[in-house]
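This report concerns only the one structure given below.
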Amino acid sequence: MGGGRVSSRSRPRSIGVDPATGKEAFVVAEPGGFLEGLADRHVLETAAVLVAVVGAVLEEGRACDVELAAFVRPLHAALEECVGVMAEWG
């Protein structure tokens, strides 16, 4: 590692699901590389879908607390990943 700073994003990151196998694909990408760009895009697309779904549920106004609580972990994970992407861009 050359004594440099190890990015908190040097762990495996999802780049999506392989449509042929249905398995999630992960990479450990070099900063600024093509695979990191794919992983960043996947994070942002996933967060956008989650925002749309949660927004629709909230607009409907019929969800109970248990149903809303089911979104807490996925929202936290998406937010954490987005913050990581933004930190690398900043």
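The values are calculated or read from the model by the stated rules, or taken from the named source; none is laboratory data. Remember, it's a predicted structure, so these values are computed and weren't measured experimentally. Counting neighbours? That spans all protein chains shown, and the Cβs are built from the backbone with ideal geometry, glycine included. Side chains included, ligands, DNA and RNA excluded: accessible areas come from the protein's heavy atoms. Shrake-Rupley method; radii C 1.70, N 1.55, O 1.52, S 1.80 Å.
A quick yes/no check of all residues on (1) acidic (Asp, Glu); (2) exposed (fewer than 15 other Cβ atoms within 10 Å of the Cβ); (3) modelled with pLDDT of 95 or more; (4) in contact with an Asp or Glu (Cβ under 8 Å, 6 or more places away or on another chain):
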{"site": "Ser14", "(1), (2), (3), (4)": "no, no, no, yes"}
{"site": "Pro19", "(1), (2), (3), (4)": "no, yes, no, no"}
{"site": "Lys23", "(1), (2), (3), (4)": "no, yes, yes, no"}
{"site": "Ala29", "(1), (2), (3), (4)": "no, no, no, yes"}
{"site": "Glu36", "(1), (2), (3), (4)": "yes, no, no, yes"}
{"site": "Val57", "(1), (2), (3), (4)": "no, no, no, yes"}
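Taking each residue of region 71-90 that is exposed (fewer than 10 other Cβ atoms within 10 Å of the Cβ) and looking for partners that are not small (Gly, Ala, Ser) with beta-carbon atoms closer than 9 Å, six or more apart or interchain, yields Trp89/Asp40. Of everything in region 55-84 that is within 10 Å of the chain's Cα centre (by Cα) and of a type in the set (A, V, I, L, M, F, W, C), the residue that is farthest from Arg41 (Cα to Cα) is Leu75.
Pairing each residue of region 35-51 that is closer than 14 Å to Pro74 by Cβ with any residue that is acidic (Asp, Glu) and open to solvent by less than 70 Å² (accessible area, probe 1.4 Å), provided the two are 6+ apart or on different chains, yields C-beta distances under 9 Å for Val43/Glu81; Thr46/Glu81; Ala47/Glu81.
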